[in-house]
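S.K.: Below you'll find the structure I mean.
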Amino acid sequence: MNMIFLGAPGAGKGTQAEVVCKELNIPAISTGNMLREAVANGTEVGLKAKAFMDAGDLVPDEIIIGILKDRIAQPDAKNGFILDGFPRTVAQAEALDSMGVQIDKVVEINVADEKITARMSGRRVCEKCGNSYHIEFKPTKVEGICDACGAKVVQRIDDKPETVQARLKTYHEKTAPLKDYYQSRGKLVTVEGQEEIADTSKLVLAAIKN
Ligand code: AP5
């Protein structure tokens, strides 16, 4: 099954993608994680992407489409995948269509902007493996240390309140039109994000199995 997880920054796409990919044994492909890795490694793509990411803007379509195309061609994606954070523009969705990629479901996780702003200040990510936590809702077992790899967890540069506002604005202007794009193709299911991560997971899994 090929799926897209759609939603505003901080709505919980990454968190839910992690749950569902374990359940279905398919990879979750996060373009955000791929870009952060490229920035950390100082690659050409990373150098080009960093300023856009730090400002809360989208990385240009031509950069991200190439990266995504290479990633979904990998053998682990042949039985299905979850795209977390791609497409982010109608041009990216059209590129996916023109690659001949069949999308079975688009799961939108809907959370109000006010809730997101509060949530993001508590997010922490592992600087090595990218695992995501929350100081209140999903704490690490040992404070400041990643459960998965033991490296330090830090706040993302783009989780500063003013950048979160810019990211929300970008989402409403450039990404939200994808809801109509996939609704008109009969692919969109919307799940209301819940207070508890596990409660949202139940709704997401039910929506996928329906
Ligand atoms: P990306 O990494 O994709 O960031 P984002 O879309 O802004 O998404 P987030 O990772 O912030 O949110 P999420 O919905 O995954 O939330 P999470 O599950 O972590 O992209 C970063 C940047 O890269 C972009 O701004 C752009 O510049 C660039 N980029 C990436 N893809 C691109 C593309 N296709 N085109 C162009 N540019 C691109 O949850 C957030 C927090 O809340 C966590 O701490 C979590 O533990 C907590 N939480 C989750 N669910 C709940 C709940 N139900 N209750 C309480 N807390 C919860």
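The values are calculated or read from the model by the stated rules, or taken from the named source; none is laboratory data. Just so you know, these numbers come straight off a predicted model, no measurement behind them. No Cβ is skipped: glycine too gets one built from the backbone with ideal geometry, and neighbour counts run over all protein chains shown. What goes into the accessible areas is simple: the full protein's heavy atoms, side chains included, and nothing from ligands, DNA or RNA. Shrake-Rupley method; radii C 1.70, N 1.55, O 1.52, S 1.80 Å.
S.K.: Roughly what % of DSSP beta bridges within the stretch 1-153 run antiparallel, to the nearest 5?
M.R.: 40
S.K.: Let me ask something else. Run the accessible area of the stretch 1-156 with a 1.4 Å probe and give the carbon-and-sulfur part as a rounded percent.
M.R.: Carbon plus sulfur share of accessible area: 51 percent.
S.K.: Rounded to the nearest 20 debye, what is the charge dipole size of the chain about its Cα centre when +1 sits on each Lys and Arg Cβ and -1 on each Asp and Glu Cβ?
M.R.: 260
S.K.: Using C-alpha positions alone, give me the convex hull volume of the stretch 27-144 per residue in cubic angstrom.
M.R.: Roughly 143 Å³ of hull volume per residue.
S.K.: Anything over 19 Å Cα to Cα? Flag those among Lys13/Lys105; Lys179/Lys202; Lys69/Lys174; Lys22/Lys202; Lys138/Lys174; Lys22/Lys115, in the order listed.
M.R.: The answer is Lys179/Lys202; Lys69/Lys174; Lys138/Lys174; Lys22/Lys115.
S.K.: Return the distance in nm (one decimal) between the two label points of a simple spin-label model at Lys169 and Gln183, each offset 7 Å from Cα along Cα→Cβ.
M.R.: Placing both labels 7 Å beyond Cα along the Cβ direction yields 2.5 nm.
S.K.: OK, next. So with the 1.4 Å probe, I'd like the accessible area per residue for the chain, rounded to whole Å².
M.R.: Each residue of the chain exposes 51 Å² on average to a 1.4 Å probe.
S.K.: Of Pro177, Cys129, Ile65, whose Cα points farthest to the positive end of the dipole of the chain (charges on the beta-carbon: +1 Lys, Arg; -1 Asp, Glu; origin at the Cα centre)?
M.R.: After comparing all options, I get Cys129.
S.K.: I've got another one for you. Taking the alpha-carbon distance from Lys50 and a cut-off under 16 Å, which lysines remain once sequence neighbours fewer than 8 residues away in the same chain are dropped?
M.R.: By straight Cα distance, Lys50 reaches Lys160.
S.K.: Under a point spin-label approximation (7 Å from Cα along Cα-to-Cβ), what is the Ser121-Lys160 distance to one decimal in nm?
M.R.: Label at Ser121, label at Lys160, 1.5 nm between them.
S.K.: Okay, next question. How high is the relative contact order of the stretch 16-146, given as a whole-number percent (alpha carbon pairs under 8 Å, six or more residues apart)?
M.R.: 22
S.K.: Please report, in debye to the nearest 20, how large the charge dipole of the stretch 121-210 is about its Cα centre when each Lys and Arg carries +1 at its beta carbon and each Asp and Glu carries -1 there.
M.R.: In total the dipole reaches around 360 debye.
S.K.: Would you mind getting me the FRET efficiency between Met1 and Ala151? Use the beta-carbon distance for r and R0 = 35 Å, nearest 0.05.
M.R.: 0.65
S.K.: Helix-only mean residue ellipticity at 222 nm, the chain, DSSP H runs n ≥ 4 weighted -39,500 (n - 2.57), per residue, nearest 500. What is it?
M.R.: It comes out at -13000 deg cm²/dmol, rounded to the nearest 500.
S.K.: Return the distance in nm (one decimal) between the two label points of a simple spin-label model at Glu196 and Met99, each offset 7 Å from Cα along Cα→Cβ.
M.R.: Here the modelled spin labels are 3.7 nm apart.
S.K.: Just the Cα atoms of the stretch 160-210, one point each, no solvent: what log10 I(q)/I(0) does Debye give at q = 0.21 Å⁻¹?
M.R.: Ignoring solvent entirely, the Cα scatterers give -0.92.
S.K.: Taking 0.36 nm per residue of sequence separation and subtracting the Cα-Cα distance, how much length would be gained by fully extending the chain between Lys48 and Glu114, in nm to one decimal?
M.R.: Contour length minus Cα-Cα distance gives 20.7 nm.
S.K.: Inverting the mean 1/r over all pairs of different Cα atoms, compute the Kirkwood radius of the chain and quote it in Å.
M.R.: Radius from the Kirkwood sum: 17.4 Å.
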